[in-house]
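A.B. asks: Here it is: the structure, laid out below.
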Amino acid sequence: MHLNFKTLLATFCLATPLFYSTNAQAEGKLMVYCGVQNKVCEDLTKRFSAKYNVETKFVHSSSGSTLGKLKAEKDNPQADIWYGGTIEPHFQAGELGLLEAYRSPLQAEILPQFKSLMESKRGDFTSIAYMLVLGFGVNTEKLKALGVEAPKKWEDLLDPRLKDYVQLPDPRSAGTTYTMMATLIQLWGEEKAFDYLKKLDSNISQYVKSNLVTSNLSRGESATSVGFVHGYISEKEKGAAVEYVLPEDGVGYALGAVSIIKGARNLDNAKLFMDYVLSKEVQEIPWRDHGLYQNPTNVNAEVSSLSPKLAELKLVETDYDRFGSSEEGKRLVDKWVSEIKLAK
């Protein structure tokens, strides 16, 4: 028996025992722009589809690329919900009027350190789904061959012996390097941060797509990189000579987000999917079933023993009023392009 979503809710309100089951049934379709790892996108959409009887599809895309899609598709949206990727582009999309307002009841289960962020107006459009810790990834064998110790501080990446052995994601398509820029600016101020990025450019072999940074490190194409440490943990588990290091002078982080797209054709199912990915059970799936160690942000979710412990981190707090602004995000990326990428 197939029930539409409104009928389902009404039925629950009447508390009719006949319809109490573990699998609440919606119906219809859902299209997800998904920015977490491809295998997690595939697994979560399949589970959601089976649980709620919703035909669910996804398109895998990085944060910058998805924001570009939303801008291009503003008058004819091709997806219903955006899940994954760093939160700043989500905030920028909200500022540009590209998101649908929805506060999931599961926002109440957010970790206490992020409650104030969700209580702001931005929480009307975007919810926090997981946390990513920024650090150095190192290939221990490559560093040994170069005679270089693993970096402990940001300045250590400027070691001339690392020339052509450092890789970063391109901030025009990935949120990782934008998080790095925001971290450095808050540590040192914008002038010193960009001076550092210019010096670091001398050691960069190439700026690549975000999904290649960790795999290239594992293959020894680079000796060190900057990225979210859950990826380095996964590579080590696979047998690669990869470790992560947390910078002593300050650890940046990013929040993974979920937002409903303005004009979503399947709005009720989009809301249901947001509630689904904010739940304790679903936030544990990446590390329990896929060896992917992003930190859950639902206060009831269990954290893997392999993930960094938040209480032990020297976190650099993010000014989301500044770095979550679409205008500031564009300005900083454009500045990086003009002063670093094209200034060679």
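No value in this document is a laboratory result; all are computed from the given coordinates. In this text the structure is predicted, and so the values were computed from the model without any measurement.
A.B. asks: Using only DSSP helix segments of four residues or longer, with each worth -39500 (n - 2.57), what per-residue ellipticity at 222 nm results for the chain after dividing by its residue count and rounding to 500?
C.D. replies: Taking each H run of at least 4 residues, the total per residue is -11500 deg cm²/dmol.
A.B. asks: Just tell me which aspartates and glutamates come within less than 18 Å, Cα to Cα, of residue 152; anything on the same chain fewer than 8 places away is out.
C.D. replies: Within the straight-line limit of under 18 Å, residue 152 reaches these aspartates and glutamates: 141, 243, 248, 249, 312.
A.B. asks: May I pose another question? Compute the length gained on full extension between residue 343 and residue 42: take 0.36 nm times their separation in residues and subtract their Cα-Cα distance, giving the result in nm to one decimal.
C.D. replies: Length difference between fully extended and current span is 104.4 nm.
A.B. asks: I would also like to ask the following. Taking Cα pairs under 8 Å and at least six residues apart, what relative contact order does the range 222-316 come out at, in percent?
C.D. replies: 31 percent
A.B. asks: Something else now. May I ask which of 163/335; 29/71; 29/271; 199/335 have a Cα-Cα span longer than 18 Å here?
C.D. replies: 163/335; 29/71
A.B. asks: Quick one: grab Rg to one decimal and Dmax as a whole number for the range 165-239, Cα atoms only, in Å.
C.D. replies: Over the range 165-239's Cα set, Rg and Dmax evaluate to 12.7, 40 Å.
A.B. asks: Specify the angular offset, from 0 to 90 degrees and rounded to the nearest 10, of the alpha carbon long axis of helix 210-219 from the longest principal axis of the alpha carbons in the chain.
C.D. replies: It works out to around 50 degrees.
A.B. asks: What is the chain's relative contact order, in percent, from Cα pairs under 8 angstrom and six or more apart in sequence?
C.D. replies: Once divided by the residue count of the chain, the mean separation gives 24 percent.
A.B. asks: Okay, moving on. Could you tell me what percent of the DSSP beta bridges with both partners in the chain are antiparallel, to the nearest 5?
C.D. replies: So the antiparallel bridges amount to about 60 percent of the total.
A.B. asks: Could you work out, for the range 81-236, what percent of all Cα-Cα pairs fall into each 5 Å distance bin, beginning at 0 Å and stopping at the bin that holds the largest distance?
C.D. replies: The distribution over the range 81-236 is 1, 8, 16, 19, 17, 13, 11, 8, 5, 2, 0, given as percents.
A.B. asks: Additional query: Pick from 128, 233, 81: which is most flexible by mean-square fluctuation in a GNM of the chain where alpha carbon atoms under 10 Å apart are linked?
C.D. replies: 233
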